[in-house]
Amino acid sequence: GASFCFLFPVLCAALKGPRTTPGCEGALRVLERHTLLLAGDEKNSIVISLRSDMICAVLELLRHDRSQAFVDPNPYDALVACFQSDDNSNESSPAFSTAELSALLDERGALGPRNCRIASMIAIGEISASHQKLVKANPLIESRVWLNCFARDEGVRKHARKTWGIMNGKSDLADAEDSSMPPPSPLYAIALLPLLHYADQEIATAAAGAFAHGMAAHPNSVNKNIEKLCMSYIDSCPHSGSEDKSTPADRSFPSIPAPKTISAPPKKPLGVPASLKKKTVKKSALQVAGIGQPKKTK
């Protein structure tokens with residue numbers, strides 16, 4: 001356990017990124033073999049404390065195409081192995097923590113790229129088979145699986161419907177028709193509404209299909225859920241009805257402020273041209289004394 005804890009950061013670094021570091025092809029195999037220390041007689045508390053990080057490392061690998069090059073084991077099997085736990089028939093304490101399950105339910109797993117979504121559905125199916133009460137007690141798990149049951153990608157859809165069958169005690173739902181699917185719980189709309197305007201269009205489209213089929217399965221709550229749907233779009237609109245009192249014509253074009261009037265600069269008073277000004281010539285001292293001036297005759 002201690003040696004694996006020392007080596008674990010190196011394994012995570014080898015599993016991240018789009019390229020495989022030369023000489024690190026066996027990183028996933030080393031991680032998968034140490035999942036035996038998560039349960040059973042060889043259970044090790046140090047390795048158990050790393051379970052959440054081990055799950056995230058495998059899901060990070062699945063984001064890249066190079067994950068398909070890993071065969072023994074493949075990333076799907078390695079992720080399932082990360083959820084090994086002791087059999088707990090009374091379910092007095094949850095087999096997995098919230099942090100360990102959250103990676104399967106957010107953008108790292110059920111809301112992530114294609115391979116991550118498939119891996120999450122497979123892992124949830126395995127968890128549901130051995131911990132039925134844990135899955136039933138978490139409505140978010142049900143919502144994520146129901147969402148992916150209506151994915152456009154065939155691989156995601158088949159694995160999600162297979163898991164949905166395990167959760168509901170049904171078999172052979174991988175190729176089932178939409179109408180034959182067991183219905184979700186009446187609270188299906190709570191987790192689906194925020195996903196209707198999700199950034200990933202694949203997720204938003206699947207959420208719309210899951211929401212519509214949920215309404216068909218629960219006709220008594222159709223009016224209430226339609227009202228919630230309308231309010232969701234009204235709240236996301238930049239101009240609500242009560243606050244925006246402008247007419248449609250006013251909103252057609254942006255308002256242009258009226259131009260400001262600029263006052264002309266004050267005019268300077270017109271003076272006498274310099275050429276017309278009377279020139280004053282100063283008299284010299286000799287002229288003042290009359291020296292050198294012609295004498296005036298009487």
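The values are calculated or read from the model by the stated rules, or taken from the named source; none is laboratory data. This structure is a prediction, so every number in the text was calculated from the model and none was measured. So basically every Cβ, Gly included, is an ideal-geometry build from the backbone, and we count neighbours across all protein chains shown. When the accessible area is computed, the model is the full protein with side chains, heavy atoms only, and any ligands, DNA or RNA have been set aside. Shrake-Rupley method; radii C 1.70, N 1.55, O 1.52, S 1.80 Å.
Descriptive notes on the structure:
- The number of residues in the stretch 14-50 being open to solvent by less than 60 Å² (accessible area, probe 1.4 Å) and part of a loop (DSSP other than H, G, I, E, B) comes to 8.
- Odd one out for SER102 among (1) in a helix (DSSP H, G or I); (2) more than 29 Å from TYR198 (Cα to Cα): (2)
- Of the residues examined, LEU147 is not one that is at pLDDT below 90, open to solvent by less than 20 Å² (accessible area, probe 1.4 Å), farther than 21 Å from PRO75 by Cα and not hydroxyl-bearing (Ser, Thr, Tyr).
- Filter result (out of contact with any Ser or Thr (no Cβ under 9 Å at 6 or more places or on another chain), in contact (Cβ under 8 Å) with a residue 40 or more places away in the chain and outside any helix (DSSP H, G or I)) within the stretch 124-161: ASP153
- In the set (1) at pLDDT 90 or above; (2) over 14 Å from VAL58 (Cβ atoms); (3) out of contact with any Leu (no Cβ under 8 Å at 6 or more places or on another chain), GLN132 fails one condition alone, (1).
- Scope the stretch 1-13; condition open to solvent by less than 50 Å² (accessible area, probe 1.4 Å) and among the small types (Gly, Ala, Ser); matching residues: GLY1
- Residue match in the stretch 51-59 (condition: in contact (Cβ under 8 Å) with a residue 24 or more places away in the chain, of a type in the set (A, V, I, L, M), in contact with a helix residue (DSSP H, G or I) (Cβ under 9 Å, 6 or more places away or on another chain) and surrounded by fewer than 21 Cβ atoms within 10 Å (Cβ to Cβ)): no
- For GLY209: the one exception among (1) touching an Asp or Glu at 6+ places or on another chain (Cβ under 9 Å); (2) of a type outside the set (D, E, K, R); (3) over 20 Å from LEU104 (Cβ atoms); (4) modelled with pLDDT under 90: (4)
- Subset tally (residues that are open to solvent by less than 40 Å² (accessible area, probe 1.4 Å) and part of a loop (DSSP other than H, G, I, E, B)) for the stretch 162-195: 7
- Any hit, the stretch 108-117, residues being open to solvent by 10 Å² or more (accessible area, probe 1.4 Å), modelled with pLDDT of 95 or more, farther than 17 Å from LYS158 by Cα and part of a helix (DSSP H, G or I): no
- Restricting attention to the stretch 103-151, the residues that are basic (Lys, Arg) and over 20 Å from the mean Cα position of the chain (by Cα) add up to 2.
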